[in-house]
Protein chains: 2
Amino acid sequence: MSDKILLAHGSGGQLSHELVEHLFLKYFDNPILAQLDDAATVHVSRFTFHVPGSFNGTSNLKLAFTTDSYVVSPIFFPGGDIGKLAVCGTINDLAMRGATPLYLSAGFILEEGLPLADLERVVASMAATAQTVGVQIVTGDTKVVDRGKADRLFINTAGIGVVPVGVEVGGDQARPGDVVILSGAVGDHGMTIMSQREGLRFDAPLVSDCAPLNGLVAAMLEIAPQAIHCLRDPTRGGLATALNEVAGKSGVGIEIEEHAVPVRDAVRAACELLGLDPLYVANEGKLVAFLAPEVADGVLDAMRAHEYGREAAIIGRVTEEHAGRVVLRTALGARRILDMLVGEQLPRIC
Amino acid sequence: MSDKILLAHGSGGQLSHELVEHLFLKYFDNPILAQLDDAATVHVSRFTFHVPGSFNGTSNLKLAFTTDSYVVSPIFFPGGDIGKLAVCGTINDLAMRGATPLYLSAGFILEEGLPLADLERVVASMAATAQTVGVQIVTGDTKVVDRGKADRLFINTAGIGVVPVGVEVGGDQARPGDVVILSGAVGDHGMTIMSQREGLRFDAPLVSDCAPLNGLVAAMLEIAPQAIHCLRDPTRGGLATALNEVAGKSGVGIEIEEHAVPVRDAVRAACELLGLDPLYVANEGKLVAFLAPEVADGVLDAMRAHEYGREAAIIGRVTEEHAGRVVLRTALGARRILDMLVGEQLPRIC
């Protein structure tokens, strides 16, 4: 391990995982963090006090709690901006635990000299996104650092949601026989950011898929509240990394049909030009679900009826064999191991 | 208003308030955020789902939820470091609503090239601080930005606490007749950071007061769960700014006896050298409380019995007169208006 922080430590891939395991889990040693899910779930009980006449009943809620910092560059891009991303990303992490998102916090780190008009545009975008999903931004903080000590603005959002009674969705819940469903085409967000940064132009425009997925998840849970075992949004490190995380945490094998994974032509063209694999490119409005085979058709129908799931497709299944590994069956019938992202493809993608 | 972000927008003083009012409240328009307290309080109810046999009772919890980003420079200083500060600051914001802190999130923004040993020292400090107060860091995130696009590391923490039944502590709850108690000497944190940055040396060393105040608050609430009306930790902008916020939100006047406010000799000397007023210098381990006069003696005793309240003192009272204003009675008997911080004293103090 290097003795300095590298860009790859923020990739979401192998080095990120090593940093979490060897440093954060070593010190922040508790079973909730150790789940390493998109959001933590915590049980919160009513605290009573020595107040005459106060209600002394017990109550207990299962909350989902998550945080992400957003450092994407550029801060405005086709399909979104850092503000929309900061709201969607945290809402999605809550939704991936089956939670109904309720409240967000927003922490801004601003570079001295940032045009107020840029900040206003970002804040307006955050507000509009939060409003469409019925979530409130209830607490916040602003810090300003000297020019050259940050890059325009960074945003942190944390979020709280409530997990409905009976819902148990987690990265360690996938089981052999589960069907793997992907909600739509992969690679849009990552290739959009990359093409903006590199000044690349393609015939078909690249647009980020940045979107809030809580409504899609609610529609899925409505059909099968207890048969959806695991949900992940494949952000940094892409679909391949998300699948590897689930295979590892659930102790199962995963087989994916390469031809079943939708990839837009523009994304494929950009990936070929840059020598990238779309399976490792970040998404910000997609999810992959692991669920019992008997509910797969019903859930797929519900997903396709939702604006963010129209291209939903079954892309594979969970196996007992090759536990902890993801195997890709190529169009030609060959099988190869699909590893977690190693190194980094593109820093500051979210 | 300037059309660019200035360092003073992060001061906690007048320009910070303008930014919040004219920008954040304009877009994030909801009554919870509009409270502008150290933490938001939100009511969360159990969500039931269409799960056969699931419990359908109702339950409702009052949670406190808060966030802060920490950008202090230097990241290590006498009395603490950015990690200890990030845990204490968010715990204190929860405690200022009377909440029992339970869970924290931690979001790291790391500059490429940061020595891993520095990160480890910070993370160890966060873990140790969280452990002493019985709070768990349950979810986190790490981003890495290119060298020169941040300054070593920034940390965001968000926190969740439970507000005990019957406790109603808020910035708008101070009322005429209330006694104002300060938990100890002011200015230690701000002058410590400033002296480190400016390379100043004094005979008596300056040490940050950075400390978690939840235990002190619990001891105070134990004595008087319903007679403590308002709590504030005077961080950026110092005691003067915190008092002005309470005067404004509660619609009351506040009278402070200048000679009753404890200031250490080293802080006074450093302030005189630099032409600063200790009443405007940041603290990270102090609180100011507004409470009913009949419980003042009992609460004061409880505070003085606690390690972070040994120097607690009554410093003033709440009046009906000059509502919205803070008046300082000087040692010579003169009275002057104590305004909110204008401009900025020292950027990146927390």
Filter segment B:98-116 down to the residues that are within 11 Å of another protein chain (Cβ to nearest Cβ) and open to solvent by less than 20 Å² (accessible area, probe 1.4 Å) and list them by number.
B:G98, B:A99, B:L104, B:S105, B:A106, B:G107, B:F108, B:I109, B:L110, B:G113, B:L114
A:H229 passes all but one of the listed conditions (1) under 30 Å from A:L206 (Cα atoms); (2) in contact with a strand residue (DSSP E or B) (Cβ under 6 Å, 6 or more places away or on another chain); the exception is number (1)
So which of B:A227, B:A127 is at pLDDT 95 or above, in contact with a Phe, Trp or Tyr (Cβ under 6 Å, 6 or more places away or on another chain) and open to solvent by 10 Å² or more (accessible area, probe 1.4 Å)?
B:A127
Looking at this structure, is B:L119 modelled with pLDDT of 95 or more, assigned to a strand (DSSP E or B) and either within 11 Å of another protein chain (Cβ to nearest Cβ) or open to solvent by less than 10 Å² (accessible area, probe 1.4 Å) (or both)?
no
Residues of segment A:6-25 classified as of a type in the set (A, V, I, L, M, F, W, C), facing chain B (nearest Cβ under 7 Å) and within 15 Å of A:G343 (Cα to Cα), total
3
Reported set for segment A:15-48 where residues are in a loop (DSSP other than H, G, I, E, B), of a type in the set (F, W, Y) and open to solvent by 40 Å² or more (accessible area, probe 1.4 Å) is A:F47
Among the candidates B:T235, B:T241, single out the residue that is part of a helix (DSSP H, G or I) and either in contact with a Lys or Arg (Cβ under 9 Å, 6 or more places away or on another chain) or surrounded by 18 or more Cβ atoms within 10 Å (Cβ to Cβ) (or both).
B:T241
Just the residues that are closer than 21 Å to B:K149 by Cα and open to solvent by less than 40 Å² (accessible area, probe 1.4 Å), please, taken from segment A:1-14.
A:I5, A:L7, A:A8, A:H9, A:G10, A:S11, A:G12
The correct count of residues that are open to solvent by 10 Å² or more (accessible area, probe 1.4 Å) and either farther than 11 Å from B:F290 by Cβ or acidic (D, E) (or both) in segment B:164-179 is 4
What strands (runs of 3 or more DSSP E) completely inside segment A:245-350 contain at least 2 residues that are crowded, with 16+ Cβ neighbours inside 10 Å, touching a residue at least 12 places away in the same chain (Cβ under 8 Å) and in contact with a helix residue (DSSP H, G or I) (Cβ under 7 Å, 6 or more places away or on another chain)?
A:253-257, A:288-291, A:313-319, A:326-329
Filtering segment B:40-56 down to residues that are more than 30 Å from A:I109 (Cα to Cα), within 34 Å of the chain's Cα centre (by Cα) and either more than 7 Å from chain A (Cβ to nearest Cβ) or at pLDDT 90 or above (or both) yields B:S45
Return a yes/no flag: does segment A:130-148 have any residue that is within 7 Å of chain B (Cβ to nearest Cβ), open to solvent by 10 Å² or more (accessible area, probe 1.4 Å) and part of a helix (DSSP H, G or I).
no
Taking segment B:194-207, which residues are surrounded by 15 or more Cβ atoms within 10 Å (Cβ to Cβ) and under 16 Å from B:P262 (Cβ atoms)?
B:L206, B:V207
May I ask you to say which residue of A:D3, A:D37 is in contact (Cβ under 8 Å) with a residue 40 or more places away in the chain, over 16 Å from B:F108 (Cα atoms) and within 9 Å of chain B (Cβ to nearest Cβ)?
A:D37
Mind counting the residues in segment B:57-81 that are outside any strand (DSSP E or B), surrounded by fewer than 24 Cβ atoms within 10 Å (Cβ to Cβ) and within 12 Å of chain A (Cβ to nearest Cβ)?
4
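The values are calculated or read from the model by the stated rules, or taken from the named source; none is laboratory data. Every value quoted in this text rests on a predicted model; they were computed, and no experiment measured them. Positions of Cβ are backbone-derived with ideal geometry, glycine not excepted, and every protein chain shown enters the neighbour counts. Calculation scope for accessible area: heavy atoms of the full protein, side chains included, ligands and nucleic acids excluded. Shrake-Rupley method; radii C 1.70, N 1.55, O 1.52, S 1.80 Å.
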